[in-house]
Amino acid sequence: MRTPLIAGNWKMHKTLAEARELVGGIREGIKGIGGVEVVICPPFHHLFAMAKAIDDSPVMLGAQNAHYEAQGAFTGEVSVPMLKDAGCTHVILGHSERRQYFAEDGPLLAKKVRAAVAGGLNAIFCVGETLQEREADRTRRIVERHISDVIKADVPAERLIIAYEPVWAIGTGRTATPDQAQEVHAFVRAMLASTYGQPTAEAVRILYGGSVKPGNAADLLAQPDIDGALVGGACLVPADFAAIIKAAGTWAAVSS
Ligand code: PGA
């Protein structure tokens, strides 16, 4: 049984005062909800303050990116040991916005994922096709390439989380249908099985991301291979994020 995981990707949002208010609202909203792991991923400069703000709660802390070197002359970058130092347990890597706007590609992400897991972080590794690729019926080929470029048997599966995020669904209000998402998730799990073997692949969480909202979360999370969500826009509204977490928690309780 995989414990569902709901991760909030704050992207480049929130001042410190707003961040504190958001975390306060999330903590309040998830009181009493069990059976689900929750991670918030604020911008780098809020990490220490947010670590403090979630200190005595079950909420965990993640970053949105990391460099593959532990230290060095890399202006503007933040390393895995620094993220650990700030209290992070997770890091998002290969988000489509990093791929699209910052030219992150397979070889670079292969180094980042290895550095993250070797440094003791759980890597939330994102894959997914663009609208053009889906319309050209290339979804599987793209997802296969994103995974095979980076995920090989030397990456410890116990520190790996995959996020399937169709680019056309991110921030657009257009969600993949539960069937569309499930189909790709099952394909990803089959790929993981060919790398790690079936029992290990069964233990890896595969999150869905792309316009997850309170209104569609339960249907997505009810799919057999959807083990949680990577949430952008809705994670900035405490009531919405809490409702998505509740949908995952409720579902876990029902199906266990
Ligand atoms: P969204 O973003 O929920 O706003 O679509 C998801 C993401 O980019 O991780």
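The values are calculated or read from the model by the stated rules, or taken from the named source; none is laboratory data. Quick caveat: nothing in here was measured; it's all calculated off a predicted structure. So basically every Cβ, Gly included, is an ideal-geometry build from the backbone, and we count neighbours across all protein chains shown. The area values use the complete protein model at the heavy-atom level, side chains included, leaving out ligands, DNA and RNA. Shrake-Rupley method; radii C 1.70, N 1.55, O 1.52, S 1.80 Å.
Out of all the residues in segment 95-103, is one or more more than 16 Å from the ligand (Cβ to nearest atom), surrounded by fewer than 23 Cβ atoms within 10 Å (Cβ to Cβ) and over 20 Å from GLY233 (Cβ atoms)? Spell out the reasoning first.
Residues of segment 95-103 that are more than 16 Å from the ligand (Cβ to nearest atom), as a first pass: 103.
Adding the requirement that they be surrounded by fewer than 23 Cβ atoms within 10 Å (Cβ to Cβ) leaves 103.
So of that shortlist, the ones also over 20 Å from GLY233 (Cβ atoms) come out as 103.
Looking through segment 95-103, at least one residue is more than 16 Å from the ligand (Cβ to nearest atom), surrounded by fewer than 23 Cβ atoms within 10 Å (Cβ to Cβ) and over 20 Å from GLY233 (Cβ atoms).
Do any residues in segment 215-235 that are farther than 17 Å from THR3 by Cα have Cβ atoms under 8 Å from those of residues that are acidic (Asp, Glu), where the two are at least six apart or on different chains, and which pairs are they?
Listed pairs, sorted by first residue: ALA234/ASP240.
Of everything in segment 223-242 that's part of a helix (DSSP H, G or I) and open to solvent by less than 30 Å² (accessible area, probe 1.4 Å), which residue is farthest from the ligand (Cβ to nearest atom)?
Per the criteria, the residue is ALA242.
Residue-wise test of (1) open to solvent by less than 60 Å² (accessible area, probe 1.4 Å); (2) in contact (Cβ under 8 Å) with a residue 24 or more places away in the chain; (3) under 23 Å from ARG114 (Cβ atoms); (4) not in a strand (DSSP E or B).
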residue	(1), (2), (3), (4)
ARG145	no, yes, yes, yes
SER148	yes, yes, yes, yes
VAL155	yes, yes, yes, yes
GLU158	no, yes, yes, yes
ILE161	yes, yes, yes, no
ALA176	yes, yes, no, yes
ARG189	yes, yes, yes, yes
THR195	yes, yes, yes, yes
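Would you tally the residues in segment 67-104 being touching a residue at least 12 places away in the same chain (Cβ under 8 Å), closer than 29 Å to ALA169 by Cα and not in a helix (DSSP H, G or I)?
Count: 11.
Kindly evaluate VAL167 against the criterion of being away from the ligand (no atom under 11 Å from the Cβ) and among the β-branched types (Val, Ile, Thr). Break it down stepwise before answering.
Values: away from the ligand (no atom under 11 Å from the Cβ): no; among the β-branched types (Val, Ile, Thr): yes.
Against the criterion (away from the ligand (no atom under 11 Å from the Cβ) and among the β-branched types (Val, Ile, Thr)), VAL167 does not qualify.
State yes or no: is VAL113 open to solvent by less than 20 Å² (accessible area, probe 1.4 Å), assigned to a loop (DSSP other than H, G, I, E, B) and either at pLDDT 95 or above or away from the ligand (no atom under 16 Å from the Cβ) (or both)?
No; evaluated as a whole, the condition is false for this residue.
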